[in-house]
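One structure is given below, encoded as structure tokens.
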Amino acid sequence: MAIKQIIVSLALLQVILAAAGTGNVPCTGTAGTACTSACPASFPLPTGCTYSGNFGACIVSECTCSTTKLTDAYCASCKGATYFANTAQTACVQSSYSCLNRGTNAWTVNDCNTCTGSTNQKIVKGSCSTSANVLIASFFGLLLLLL
């Protein structure tokens, strides 16, 4: 009976430890500041999720806290530094840069496909667009030329 209790206890401990994030989120603050006050403004989390730790070692407390409205901070803490929230904010994906906050980083076809979950993406004027949208735009452009 004691062996069963030990096995169950170890299994529960493994589930608890696996649920917390492992990647630090680079929140702003001063040494010793609690992550619950240092991080939310600059690195928001999905509703229901919280940070734990102190400044310099901030992580998501519980990585099963949400499956919607995911953020880059959530993905970085729970999956790793190269993971970002997809454009639908429903999954963490490996992309070269953020899918939501691209900044000056140019899109690649691979990142467009990864971030949108589609394989029909093209780069049009610096943004992702489906092949169907590109064909429609081309058709109307050609039509205008003929008129």
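What follows draws every value from the coordinates through simple rules; no lab data is involved. The structure displayed is predicted, hence computed values, not measured ones. With ideal geometry, Cβ positions are generated from the backbone for all residues, glycine too; neighbour counts draw on all protein chains shown.
On full extension, the segment bounded by residue 22 and residue 67 gains 14.4 nm, given 0.36 nm per residue less the C-alpha separation. Partners of residue 122 within straight-line reach, counting aspartates and glutamates whose Cα lies under 16 Å from its Cα and excluding those fewer than 8 residues away in the same chain: 111.
Karplus-based coupling profile of segment 24-40, in residue order and whole Hz: 6, 9, x, 6, 9, x, 10, 3, x, 5, 5, 5, 4, 9, 7, 9, x, with θ = phi - 60° in 6.51 cos²θ - 1.76 cosθ + 1.60 and x standing for Gly or Pro.
Under a 5 Å amide H cut-off, with hydrogens placed 1.01 Å from N, residue 51 pairs with 61 among residues at least 5 apart or on other chains.
Taking a point 7 Å from the Cα of residue 108 along the Cα-to-Cβ direction, the residues of segment 50-82 with backbone N closer than 16 Å to it are 82.
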